[in-house]
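**Q** Have a look at this one.
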Amino acid sequence: MRDLLRQLGGFKRRRASDIKAFIRFEDGNVESSLVLIPLLILFLICLELIIATNLRNGDFAIAQGDASRRAISGQIQSTDEVIELNSPDPYAHIRVLISRRRTGLPQLVPGLIALMGGAPTIDVKGAAIMEPVN
């Protein structure tokens, strides 16, 4: 039993000295950080572009749906714009409703959008032909 305890004690001491030697002679930490930090920044920039594109597409679909709903019902908001189109037919009165939608954009890399000279908002427009209301 004593021999077993003696062997375990020697193993623990040897293990601690191996860990100290490993930490002392580790030369890959600097190179690893020089690679991982720019790679992480590049990943976050790509992820932010993907999120911005998907949010823009979703907001565009919502703005288009709002424009269609308002054009059919005839309910116009103060932010909407109505464009009258001239038609050669005197009985056809064509009006186009333009609706706008603006939402904020989440920032994964702080200051990236400001560095590129933009604003962290998504501004989309939806368009629909207004139905004549009788």
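Okay, residues lined up against (1) in a strand (DSSP E or B); (2) among the β-branched types (Val, Ile, Thr); (3) loosely packed, with under 14 Cβ neighbours inside 10 Å:
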site	(1), (2), (3)
Ile45	no, yes, yes
Thr53	no, yes, yes
Ala67	no, no, no
Ile76	no, yes, no
Asp89	no, no, yes
Ala92	no, no, yes
Arg95	yes, no, no
Ile98	yes, yes, no
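**Q** Within the set of pairs 6 or more residues apart or between chains, which connect a residue that is at pLDDT 90 or above inside the stretch 63-91 to a residue that is in a helix (DSSP H, G or I) with Cβ atoms less than 6 Å apart?
**A** Close Cβ pairs (under 6 Å, with a partner that is in a helix (DSSP H, G or I)) do not exist here.
The values are calculated or read from the model by the stated rules, or taken from the named source; none is laboratory data. As the structure is a prediction and not an experimental result, all values here were calculated from the model. Neighbour counts run over all protein chains shown; Cβ positions are idealised from the backbone, glycine included.
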